[in-house]
Each structure stands twice: as structure tokens, then as C-alpha cells.
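Data first, discussion second: the structure below is written as C-alpha cells.
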Amino acid sequence: MAPGNITQEDARIVTYSGSASTRNLTLSQSLQRYEVLHRSTTSDENTPFGTQDADMLLQATLQHVVVNYSPGTGRQIFINGEPSGDVDPDSAGLLSEWDDSFAWCWATKPMATPPGKAPFAWWRSITGR
């Protein structure tokens with residue numbers, strides 16, 4: 001992905017959600033920080049885990065971002081193949097509480113009016129927004 005800038009806050013990248021506040025998983029941008037919100041048996045779906053502000057890992061250049069989750073290690077963020085080094089504050093849990101009726105959304109949130117911010121150059125080139 002290539003964020004359009006490093007000044008946006010609460011900009012959704014991808015989300016598997018039922019509403020703006022109910023989600024299974026969301027990857028978002030807040031300034032120069034990637035944030036992951038997810039529902040598990042040990043984490044709050046609305047409390048973000050993210051990269052540290054001082055690290056400024058999110059750049060307005062093409063980046064390969066992977067979020068990994070396992071019941072043994074919890075959440076991990078990788079940027080360009082390297083771990084971010086951020087430690088998940090929540091203990092690892094299970095995904096048994098996920099709601100499979102939720103929708104996958106790119107660069108917006110379900111039922112957003114107007115649509116959420118489109119922080120990525122590729123999204124703007126496809127949609128013209």
C-alpha cells in the first residue's frame with residue numbers, strides 16, 4: 001500500500017466490520033502509525049494495538065504491511081518484511097467471538113456516510129476520489 005499522506009487520523013485501510021464501532025478486525029492509519037483493532041476472547045475490539053508514534057514506520061511511500069495473529073503470540077505487525085518490534089499489550093486469545101455476518105471494506109467503514117477517507121494512492125486512482 002502507499003498511504004497518500006502522513007497527516008490523516010482514523011483512516012481505515014481495511015476492515016472486517018459490522019458498523020463503525022463493531023468489528024472483527026481493522027487495520028488503520030493514524031498519522032505515522034499503523035493501528036490494529038480486533039476482537040478476541042482477550043482483547044477489546046475498539047482498543048488499538050499499533051506501532052509507536054516515535055518510530056514513524058508509516059510513510060507516504062509504497063509499503064508491504066502484514067498483520068499476523070496467532071493464539072500463541074497475539075498480534076504482530078510487519079512492515080516490508082520486518083517486524084515492527086511493537087509488543088501486543090493483550091494476552092493472546094481465541095477468535096471464537098468473530099461475527100461472520102460482517103463485511104470486508106477497503107478504505108472506508110460499513111455504512112459510512114459520507115464514505116470514509118481514502119488514504120491510498122491506488123484507491124484514488126481506481127475510484128477517482
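The values are calculated or read from the model by the stated rules, or taken from the named source; none is laboratory data. All of these numbers come straight from a predicted model, not from anything done at the bench. Note that each Cβ is placed from the backbone with ideal geometry, even for glycine, and that neighbours are counted across all protein chains shown.
Summary of computed values
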{"read-out": "Of all residues in region 61-96 being of a type in the set (Ser, Thr, Tyr) and crowded, with 16+ Cβ neighbours inside 10 Å, the one that is modelled with the lowest pLDDT", "value": "69"}
{"read-out": "Check on residue 22, at pLDDT below 85 and more than 21 Å from residue 5 (Cα to Cα)", "value": "no"}
{"read-out": "Test: residue in region 1-8 that is in contact with a Ser or Thr (Cβ under 9 Å, 6 or more places away or on another chain), assigned to a strand (DSSP E or B) and at pLDDT 90 or above", "value": "no"}
{"read-out": "Hits in region 20-60 - residues which are crowded, with 16+ Cβ neighbours inside 10 Å and among the polar types (S, T, N, Q)", "value": "24, 26, 28, 29, 30, 32, 40, 43, 51"}
{"read-out": "Test: residue in region 9-19 that is out of contact with any strand residue (DSSP E or B) (no Cβ under 8 Å at 6 or more places or on another chain) and surrounded by fewer than 20 Cβ atoms within 10 Å (Cβ to Cβ)", "value": "yes"}
{"read-out": "Odd one out for residue 28, checked against (1) over 18 Å from residue 96 (Cβ atoms); (2) part of a loop (DSSP other than H, G, I, E, B); (3) hydroxyl-bearing (Ser, Thr, Tyr); (4) touching an Asp or Glu at 6+ places or on another chain (Cβ under 7 Å)", "value": "(2)"}
{"read-out": "Check on residue 14, out of contact with any Ser or Thr (no Cβ under 6 Å at 6 or more places or on another chain) and part of a strand (DSSP E or B)", "value": "yes"}
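Residue-by-condition table, conditions (1) farther than 24 Å from residue 8 by Cα; (2) touching a strand residue (DSSP E or B) at 6+ places or on another chain (Cβ under 8 Å); (3) in a strand (DSSP E or B); (4) in contact (Cβ under 8 Å) with a residue 60 or more places away in the chain:
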| site | (1), (2), (3), (4) |
| --- | --- |
| 46 | no, yes, no, no |
| 57 | no, yes, no, no |
| 62 | no, no, no, yes |
| 69 | yes, yes, yes, no |
| 78 | no, yes, yes, no |
| 85 | no, no, no, no |
| 88 | no, yes, no, no |
| 92 | yes, yes, no, no |
| 96 | yes, no, no, no |
